[in-house]
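Below is one structure; the comments refer to it alone.
The values are calculated or read from the model by the stated rules, or taken from the named source; none is laboratory data. None of the values given here were measured: they were computed from a predicted structure. Cβ atoms come from the backbone with ideal geometry, glycine included; neighbour counts cover every protein chain shown.
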Amino acid sequence: MSTYVQAKQFFLPMEVTGPGYLEITADGKFGDFSRDIPEGSDVIDYGSFSIAPGLVDTHIHGYQGHDVMDNDPEGLKVMAEALPSCGVTSWLPTTLTASRELLADVCRTVGENAEAFEGAKIRGIFLEGPFFSEEHKGAQNPKYMGDPDISALEEWVEASKGYVKKIGIAPEREGAVDFTKQATQLGVAVGIGHTSATFDECEAVINAGANIFVHAYNGMRGLNHREPGVVGAAMFFKDAYDELICDGHHVHPVAAKVLLDAHGRKRTMLITDCMRAGGLGEGESHLGEYKVIVKDGAARLADSGNLAGSILQLIDGVKNVVKWQIASPAEAIRMASQVPAESVKIDDVCGKIAPGYAADFIVLEDDMSLVATYLDGTLAYDAEA
């Protein structure tokens, strides 16, 4: 028997509507939205709140003291169970630049345990590296950086049981174009990041199938009026997807607006790039082999002061872009749910409220604060609990 969620507003794929009722079927799927329901129906009353699809974080390294590179199923379990408190119902565990062997082991661990946990659903893996440029290494270890190697990617895909959905590369690396063609044929989305590439080098891999700019502005050649660089390419290629970290540290709100206005909000996605210190407050932490200091809402390398991922919760990224008045609530929700899902072709299973999809949704205040998160129609997080 179906249950109905009552709310004043619903963020549906093509419209924002309400008040009304959203059907949740007995098997935990979304049914139809309606203005009225049969008399005597079971109702979950969120009449003064809004309902939105569960958020999809396609770039997240860690949370609550754990990191994907720990290669520990228990850590993945903790992360999966904690992420609904961030509004996240689907995610891509994200690696760091490391040895081929360690990355294979991590891919194997994720693939073997992807369906073993309750909580936010593992929908794939994002390999952030190791085919990057040392000049824009960020908090990645250049010791393991090299030219793209399709045999390595094939090994990682096989080890993961097909869970690898996305990989980041530097287009100026030798063999990048051929690698991009082969990776896309494997069904792996190719992102451009941690790179000194020129605009033309970006265009070459875009034409070969690359479709994502990794954390736009960060870890890439900037915009110049004589060489548009990677940032210029991220603004120019409208069919690609741009990642943005909207924590107020990685990208100034005005710069974020410039990118959104130039590229468009329908193919710009909010991500966190969150590391293990997320959810733990200030203090010492580490990212891979590097010591990190978390202070004033930012995670920075202890030796250089460079940003080392973030401690951002995705729901706060949504709140920020609305607060900064650079996106409407509907745009912000879409940029943190449907758009990231589309970018790695998992939008057939998550990222929207539509009949037949798993009933993964969030309940929001008017200021976009998180009230509750549901997975398969069942309460997974209650802000008041």
Report task. Mind listing just one residue for me: the one in region 290-324 that is of a type in the set (S, T, N, Q) and farther than 21 Å from V56 by Cα and, of those, surrounded by the most Cβ atoms within 10 Å (Cβ to Cβ)? Result -> N306
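Among residues belonging to region 109-128 that are of a type outside the set (G, A, S) and assigned to a loop (DSSP other than H, G, I, E, B), point out the one that is surrounded by the most Cβ atoms within 10 Å (Cβ to Cβ). Reasoning before the result, please.
Just the residues of region 109-128 that are of a type outside the set (G, A, S), to begin with: 109-110, 112-113, 115, 117-118, 121-123, 125-128.
Restricting the remaining residues to those that are assigned to a loop (DSSP other than H, G, I, E, B) gives 115, 117-118, 123.
On the way: E115: 8, F117: 17, E118: 13, R123: 23.
Across region 109-128, the extreme among qualifying residues is R123.
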**Report entry** So A385, is it in a helix (DSSP H, G or I) and of a type outside the set (F, W, Y)
**Finding:** no
Query - Near pairs, Cβ below 8 angstrom, 6+ apart or cross-chain, from region 13-28 (polar (S, T, N, Q)) to any residue that is at pLDDT 95 or above - result: T17/Q9; T17/F10; T17/F33; T25/G31; T25/A359; T25/G377
Query raised in the report: Do you know which residues across region 309-350 are touching a helix residue (DSSP H, G or I) at 6+ places or on another chain (Cβ under 6 Å), over 26 Å from A277 (Cα atoms) and not in a helix (DSSP H, G or I)?
Result: I326, A327, D347, C350
Report task. Kindly check whether there is at least one residue in region 361-370 that is within 27 Å of T95 (Cα to Cα) and either without any contact (Cβ under 8 Å) to a residue 12 or more places away in the chain or hydroxyl-bearing (S, T, Y) (or both). Result -> no
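Take region 260-270 and flag every residue that is aliphatic (A, V, I, L, M) and more than 18 Å from the chain's Cα centre (by Cα). It would help to see each step written out before you state the result.
So the first thing to find is which residues in region 260-270 are aliphatic (A, V, I, L, M), and the list is 260, 262, 269-270.
Result: A262, single match.
I'd like the full set of residues that are of a type in the set (S, T, N, Q), farther than 19 Å from V188 by Cβ and crowded, with 24+ Cβ neighbours inside 10 Å, limited to region 334-354. Before you say what the answer is, go through the steps one by one.
Pass one, region 334-354, residues of a type in the set (S, T, N, Q): 337-338, 343.
Restricting the remaining residues to those that are farther than 19 Å from V188 by Cβ gives 337-338.
Within region 334-354, S337 is the sole residue that qualifies.
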Report task. Select the strands (runs of 3 or more DSSP E) contained entirely in region 1-59, then report the ones holding at least 3 residues which are more than 30 Å from R267 (Cα to Cα) and out of contact with any Leu (no Cβ under 8 Å at 6 or more places or on another chain). Result -> 42-53
Query raised in the report: Got at least one residue in region 140-156 being surrounded by fewer than 22 Cβ atoms within 10 Å (Cβ to Cβ), in contact with a Gly (Cβ under 9 Å, 6 or more places away or on another chain) and modelled with pLDDT under 95?
Result: yes
Requested in this report: Select from region 60-71 the residues that are outside any strand (DSSP E or B) and under 20 Å from I346 (Cβ atoms) and list them in ascending order.
Outcome: H61, V68
Query raised in the report: If we scan region 338-359, do we find a residue that is of a type in the set (S, T, N, Q) and in contact with a His (Cβ under 9 Å, 6 or more places away or on another chain)?
Result: no
Report summary line: Only unsatisfied item for F30, checking (1) in contact with a Pro (Cβ under 8 Å, 6 or more places away or on another chain); (2) on the phi > 0 side of the Ramachandran plot, is (2)
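Determine whether region 246-267 contains at least one residue that is buried (at least 24 other Cβ atoms within 10 Å of the Cβ) and assigned to a strand (DSSP E or B).
Just the residues of region 246-267 that are buried (at least 24 other Cβ atoms within 10 Å of the Cβ), to begin with: 246, 256.
Right, trim to assigned to a strand (DSSP E or B) and you get none.
Scanning region 246-267, I find no residue that is buried (at least 24 other Cβ atoms within 10 Å of the Cβ) and assigned to a strand (DSSP E or B), so the answer is no.
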**Report entry** Residue count, region 203-228 (criterion: in contact (Cβ under 8 Å) with a residue 12 or more places away in the chain, in a loop (DSSP other than H, G, I, E, B) and of a type outside the set (G, A, S))
**Finding:** 9
